[in-house]
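The values are calculated or read from the model by the stated rules, or taken from the named source; none is laboratory data. Since the model is a prediction, treat every value here as computed from it, not as a measurement. Reconstructed Cβ throughout: ideal geometry from the backbone, glycine too, with neighbour counts over all protein chains shown. For accessibility, only protein heavy atoms count, side chains too; no ligands or nucleic acids. Shrake-Rupley method; radii C 1.70, N 1.55, O 1.52, S 1.80 Å.
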Amino acid sequence: MQFRLFSFALIILNCMDYSHCQGNRWRRSKRGCRIENCDSCFSKDFCTKCKVGFYLHRGRCFDECPDGFAPLDETMECVGCEVGHWSEWGTCSRNNRTCGFKWGLETRTRQIVKKPAKDTIPCPTIAESRRCKMAMRHCPGGKRAPKAKEKKNKKKKRKLIERAQEQHSVFLATDRASQ
């Protein structure tokens, strides 16, 4: 019993794009098929071919494809953007450095396996990042990256000096004009 269930699960997983399911080898008779508008079923709850005028999508038959999917009239299937598996998380880094900071970002990606039939169908995210703790907070050789607060303080101080110099020159100009 366990082997049959395992084999069934493998066949279903292999049939997600339905290309492996179309041959007579996997077809079962219409008897006992519970899917509405289905012409041929793999099991009672999984259609492999719909009746004329209906589109096949994930084992079901639809008169129109669901949102995010486009009808492929040649095979009467609903297709969307297909992406591969996520890669492993990359190295934790910040400003292209792997040291000198307490926190960084790590990224993982996935490839577009099959582009959608229509350009109007969006693909899911192919890259994502998350916060991570750096493996080495201090860089070898003692060189540390300037802290973000120090950079902000330097910018504020520079702007304050520029504004003071501008106000002073305006004051001197009005003072000279009044003399």
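Tabulated data for the structure shown
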read-out	value
Point-to-point label distance, Glu166-Lys51, nm (Cα→Cβ direction, 7 Å offset)	7.5 nm
Set of aspartates and glutamates with alpha-carbon distance to Lys115 below 17 Å, sequence-local pairs under 8 removed	Asp17, Asp67, Asp73, Glu74, Glu77, Glu82
Cα-projected label distance for Lys115 with Arg131, points at 7 Å along beta-carbon direction, nm	3.8 nm
Across Lys102/Lys156; Lys49/Lys114; Lys102/Lys157; Lys44/Lys114, pairs whose alpha-carbon gap is larger than 27 Å	Lys44/Lys114
Glu88 versus Lys154: modelled label distance in nm, points set 7 Å from Cα along the beta carbon direction	3.7 nm
Computed accessible area, Asp73, all protein chains, 1.4 angstrom probe, square angstrom	90 Å²
